[in-house]
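Encoded as structure tokens, the structure appears first; notes follow it.
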Amino acid sequence: MRKFLLSSIIIILAIIYIGRLSYLQLVDSSSQNPLDDTAIKAVYDYPERGHIYDRNKNLLVANQAFYDVMVIPREVKPLDTLEFCQLLNITKEDFDSKYKKAYTYSPRLPSVFLPQLSKKEYATFQEKMRKYEGFYIQKRSLRHYMTDAGSNFLGYISEVNERDLKNKPYYQSGELIGRQGVEQEYEEILRGRKGVKFIQKDRFNRVIGPYKNGMYDTLPDQGKDIRLTIDNALQKYGEELMVNKRGGIVAIEPSSGEILALVTAPSYDPELLVGRKRSKNYTELYYDSIAKPTYDRGLLAQYPPGSPFKTLNALIGLQEGVIDENTTFTCYHGYKYGRRFMGCHCPSGSRNNLDRGIYESCNAYFANTYRRIIEKYPTAAEGMGVWEKHIRSFGLGDYLGYDLPIGKSGKVPSPEYYNRAYGENRWYSTFTLSNAIGQGEVLTTPIQLANMTATIANRGYYYTPHIIKSIENDTIDIHKFKTKHQTTIDPEHFEPVIKGMNDVFIKGTAKWIQIPDISIAGKTGTAENFVKVDGQRMQLTDHSIFIAFAPVEDPKIAIAVFVENGYWGSRWAGRIAGLMIEKYIKGEITRKDMEKFVLEGSLQEEYEKPYSKKPFSINDGKKMIIPESSTENKVSAAQ
Amino acid sequence: MIKKFDWLTILIYFLLVAIGWINIYSATYKGPDESIFNLNELYGKQMMFIIASVVMIVIVLSIEAKFYERFSSVIYLASLLLLLGLFVFGKNINGATSWYAIGGMTLQPSEFAKAATALALSKYLSDIQTNILEFKGLMRAVIIIALPALIIIPQPDPGSALVYASFFFVLHREGLSPWYLMIGFVAVLLFALTLMFGTIWVSLGTALLLTLIYFVSKKSKKRLSILQLTGILLVSIVFSYSVNFIFENVFEQRHRDRFSLWLRLEDDPAKLETIRRTIGYNTYQSESAIGSGGLMGKGFLEGTRTKGDFVPEQHTDYIFSTVGEEWGFIGTATVVLLFTILILRLQYLAERQKSAFSRMYGYSVAAIIFFHFAINIGMVIGLLPTIGIPLPFFSYGGSGLMGFTILLFIFIKLDANRINEW
């Protein structure tokens, strides 16, 4: 027994110690992450973020360096305060209060002593800086905008938040990330890749050399410059035209799918979201829930397309062989089907062929065409299926796949949709007749409409709209932007429709907004719309819509414009489309009268109507809308 | 003669010395381009100590085995004189007057006194007339053990003095009643439990345990009477209360913190953080360094915490943390196993001795090395409170290495000579 005491204890102890060691070294891994190692510090080297240019190589977004004077109070040695203050152009009192503030924050940690030195101040201070121990300069790079337009697609940069840190392991707290627009979409290209140096420190936090001789260090990859397809002059002009209006303009180069302009109104100066004031400004913009300046109407607003949609029905009618360019329908100041009636502004008894149907925007013509398409097939569902397939081949009803981070799919109704609504085989073409004139279940976004216009301009195909032109002098090599999307309509059917659209300017709904010397094909549209204000559904003045492309023979630009509550398609949207086309093709404006009308015109009064709580008229006084709250007021006043 | 040496022990000795030096090299390494014999660097000095130890081994093994038994008293008295001389000629290093400075060298006599005490104790116990079961015999043995310890305590070097407690293993082996060890063990247990759970719970627990013992051992002839058990209970309660009293009123805050750290008494994170940065700094850094090594370790000279000097006294008392960081669990487990094998081997060798003197000396060697190993590694891995004693053969220091080498090799010589002992 006595012989075994020591050996038992040593064996038990060895087991306990090995157990403890396996806990420390194998189980508890809290001290094994090298980044958590107090002995190693990672120092990052941030590359400069890439610049952003427009299609004509105008610089839109650059960087500006800010130089902050930093201080670590504990390391500060007695200094010549007078000279120091003179260098930085501050008073002795400033110095004392700033120093005290920094010291209160932490004597050990660096804090900003004086933010954002000018280059000149920086230069003079830098020469003398080594005299002042504990002070140093920290360079910060922020965006610098050379344009006041395009904030909606440029996006901005801001510090990463908790969620980014969790989902994107690349980022460290305090780093910047692109938000919205191309800053988000091309984040990795613009950002480049930060370099890192691992530094070995001793327990006094002194640097004692590189960690493992720099084995894990990396050099930064420079951020690349990108060139957008946007024409900044056109973009800027579009934003000017949209002042005091709400809505969007999307212009596309049909032959390539390049987005020439992407205007949303109201908008804001991108410089508002730079630096210290970003947060405050963003909150203000974000919480403007009525004008919604941060809401990109060009990409997100879904509206019934209205009359421009008739062009597609014409094309489908031709493709399906149910009409030809000579097919004539009589309009009875509208179209009667069953007990219902679809009004039209044609005089009763007008006999319209396809050309006239388009340029007069005859509802009856397209009601007939639409019924013929659907009724060509044994059941409405089959006919609807064919129709849907044709419509979708124009890129409607789906996200287009463009290179911006936001979008809406719009809506193209399918036979299944109506089956669900009415029951299988319990609905007929007339049930869905509003689709004929773009007022039914169809919803489109302005960029979809612009793409549809580009497709017509191309006589049957489109390239996915995109905003990237090139990355650091390399032309883009993104397959999906080089793929031709062919529609289901044969090319020969486009000419009669385009002729009708051209006649819109020559003798139709847009004849008094012609642009000299440019042959334009276009189509006006108005779309009814409703809003809810304080829980009450109210009709407001129709949206003004216009699509166009020009020149007719060799299209350079296809455009979709919509102006909220602008009423007639030609009044606002048509004028704006014409001016944009002239600006892009000629570079100057000859229709100064039209320009003056648009620039000086304001729809603010129209926008305030639903919030006035008083009865108001819409559509040029054709209809009165009486908000509930105002009737109550009236009643109480009468008593 | 050479064939009779226990080569396993010698092999482990050289392995430990070699591994120790490699880690001292890493812990004190400043940069490349330095000779390993550079005497300005600690690893260079340690290399010299190793060479000197090898010379010492040759000398120790060459001396006639009987010499050690015959001259044990002289050696013991000489070492006592050397320890006493420190009060007059001693040099103060790091707050302890434990060194003689001779030329550029320093000598720490307490490292040699262990071997001398082991020799003297073995000599006394092996005397045919000694009976430690009698009070007089036991007292004399205790005095032999306690004298050097009492001289060392006020240097102050309580850690080195504590090592003399290891001789109780020898007394126990030679017939000392197990009650002494038992009482000692129970006292430590009661001490820790009182601090952890408070006097009331400890008293209740003891009462419950003693009641249990009473009923379980009812049939046993050696059972304790109710009176005896009540006595034990009373003593325990009084002890527990006095522990509490001493802890709260006699101990200073730094002592209390040390025990709080050891027994993990503190659970307020703010206070824990303070303890980590003050009294628990060494332990925290050492645990982190070991933990960061993982299974395979970071590799030779790659330990970031070692390079950054985060663990204080890393080349001496905390050398084991370098093993942990650079060689990982593989390294630490290897070292623990080497020590375990060495101690078991020494005990085995001691048991096979034919002369009582050799057996007791062997036992002393095993117990001393065991004590150092247990306390040092327990401290470095955070299981025991901070008690500054070196890891045998491993820690930097000439006196320590020489002292342990002599201690061990005297036994190897005795062992090799055992067949001549008739």
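Every number in this text was worked out from the coordinates using simple rules, so none of it is lab data. No experiment lies behind these values; they were computed from the predicted model shown. Here Cβ is always computed from backbone atoms with ideal geometry, including for glycine, and neighbour counts include all displayed protein chains.
So for each of A:497-506, A:601-610, B:134-143 I average, over its residues, the number of other beta carbons within 10 Å; can you give me the resulting order with the highest mean first?
Working: A:497-506: 22.6, A:601-610: 15.5, B:134-143: 14.0.
The packing order, highest mean first, is A:497-506, A:601-610, B:134-143.
Each label point is 7 Å from the Cα along the Cα-to-Cβ direction; what then is the distance between the points at A:ASN425 and A:SER141, in nm?
Those two pseudo-labels are separated by 6.9 nm.
Taking the Cα centre of chain A as origin, sum charge times position over the Cβ atoms of Lys and Arg (+1) and Asp and Glu (-1), and report the length of that vector in debye to the nearest 20.
Working: 85 positive and 77 negative charges, 332 e Å.
Here chain A has a charge dipole of around 1600 debye.
Cross-link partners among aspartates and glutamates for A:LYS596, C-alpha distance below 13 Å, same-chain residues fewer than 8 apart left out?
Candidates past the 8-residue exclusion: A:GLU240.
Can you list the residues, at least 5 places off or on another chain, whose amide H is less than 5 Å from the amide H of A:ILE625, using H built in the peptide plane?
The answer is A:PHE616, A:SER617, A:ILE618.
Along the charge dipole of the protein assembly as shown, pointing to its positive end and built from +1/-1 on Cβ of Lys, Arg, Asp and Glu, which listed residue (A:PHE530, A:LEU603, A:ILE177) has its Cα farthest out?
The residue sitting most towards the positive pole is A:ILE177.
Mind checking A:4-15 for the average number of partner chain beta-carbons within 10 Å of each residue's beta-carbon? Spell out each step's value before the answer.
On the way: counts 1, 6, 14, 8, 0, 4, 14, 3, 0, 10, 11, 2.
The shielding value for this peptide is 6.
Connecting C-alpha atoms closer than 10 Å in a GNM of chain B, tell me which of B:GLN228, B:GLN129, B:GLN155 has the biggest fluctuation.
Among B:GLN228, B:GLN129, B:GLN155, the largest GNM mean-square fluctuation belongs to B:GLN228.
Run the simple label-point estimate for B:ARG256 and A:LYS277 please: 7 Å along Cα→C-beta, distance reported in nm.
In this crude label model, B:ARG256 to A:LYS277 measures out at 5.8 nm.
In degrees from 0 to 90, rounded to the nearest 10, what is the angle of the helix A:575-586 Cα long axis to the longest principal axis of chain A?
Taking Cα atoms only, the helix is inclined about 70 degrees.
Step through the table entries A:LYS101/A:LYS194; A:LYS280/A:LYS411; B:LYS66/B:LYS91; A:LYS92/A:LYS139; A:LYS77/A:LYS194; A:LYS511/A:LYS609, compare each Cα-Cα distance with 27 Å, and write down the pairs that go over it. Don't skip to the end; give the middle numbers.
Details: A:LYS101/A:LYS194 32 Å; A:LYS280/A:LYS411 36 Å; B:LYS66/B:LYS91 35 Å; A:LYS92/A:LYS139 25 Å; A:LYS77/A:LYS194 34 Å; A:LYS511/A:LYS609 31 Å.
Over 27 Å Cα-Cα: A:LYS101/A:LYS194; A:LYS280/A:LYS411; B:LYS66/B:LYS91; A:LYS77/A:LYS194; A:LYS511/A:LYS609.
Please list the non-local residues whose amide H lies under 5 Å from the amide H of A:LYS411, H modeled 1.01 Å from N, same-chain partners needing a gap of 5 or more.
A:GLY397, A:LEU443, A:THR444
To the nearest whole number, what is the average tally of beta carbon atoms from other chains within 10 Å of the beta carbons of peptide B:334-344?
4
What does the highest-first list of A:320-331, A:440-451, A:238-249 look like by mean Cβ count within 10 Å?
So the order, starting with the most tightly packed, is A:440-451, A:238-249, A:320-331.
Per the Kirkwood definition applied to all pairs of different Cα atoms, how many angstroms is the hydrodynamic radius of chain B?
By the Kirkwood definition, the hydrodynamic radius is 23.4 Å.
How well do other chains shield peptide B:287-300, expressed as the mean number of their Cβ atoms within 10 Å of each residue Cβ?
Other-chain Cβ atoms within 10 Å of each residue's Cβ, averaged: 5.
What trypsin sites (Lys or Arg not before Pro) in segment B:313-355 are in a loop by DSSP, with at most 16 other Cβ atoms within 10 Å of the Cβ?
Qualifying residues, ordered by number: B:ARG352, B:LYS354.
Name the cysteines of chain A that stand alone by the Cβ rule: no other cysteine Cβ under 4.7 angstrom.
Flagged as lacking a Cys partner: A:CYS85, A:CYS344, A:CYS362.
Which value in deg cm²/dmol, rounded to the nearest 500, describes the helix-derived mean residue ellipticity at 222 nm for chain A, given -39,500 (n - 2.57) per DSSP H run of n ≥ 4 and division by the residue count?
When only DSSP H runs of four or more count, the value is -9500 deg cm²/dmol.
If R₀ is 35 angstrom, what is the calculated FRET efficiency for the pair A:LYS408 and A:LYS197, using the beta carbon separation as r and rounding to 0.05?
After rounding, the FRET efficiency stands at 0.20.
Pairs of alpha-carbon atoms within less than 8 angstrom and 6+ residues apart define the contacts here; what relative contact order does chain B have, in percent?
Result for chain B is 25 percent.
How high is the relative contact order of chain A, in percent, counting Cα pairs under 8 Å that sit 6 or more residues apart?
Computed over chain A, the figure is 13 percent.
Could you identify which residue out of B:LEU119, B:LEU349, B:LEU210 has the top mean-square fluctuation in a GNM of chain B using Cα springs shorter than 10 Å?
Highest fluctuation of the listed residues: B:LEU210.
Please pull out the direction-averaged projected area of the protein assembly as shown, using the convex hull of its alpha-carbon atoms, in nm² to one decimal place.
So the Cα hull casts an average projection of 70.4 nm².
Could you sort A:150-162, A:7-19, B:359-371, B:95-107 so that the peptide with the highest average Cβ count within 10 Å comes first and the rest follow in order?
B:359-371, A:150-162, A:7-19, B:95-107
What is the set of long-range amide H partners of A:GLN116 at a cut-off below 5 Å, with H atoms built 1.01 Å from backbone N?
Here A:TYR67, A:ASP68, A:VAL69 satisfy the definition.
Counting helices only, and only those DSSP H runs with n ≥ 4, report the 222 nm mean residue ellipticity of chain B as the sum of -39,500 (n - 2.57) divided by its residues, in deg cm²/dmol to the nearest 500.
Value at 222 nm, helices only: -22500 deg cm²/dmol.
With no solvent and one equal point scatterer placed on each C-alpha of segment B:181-250, evaluate the Debye formula and give log10 I(q)/I(0) for q = 0.18, 0.29 Å⁻¹, two decimals.
Reported log10 I(q)/I(0), two decimals: -0.69, -1.31.
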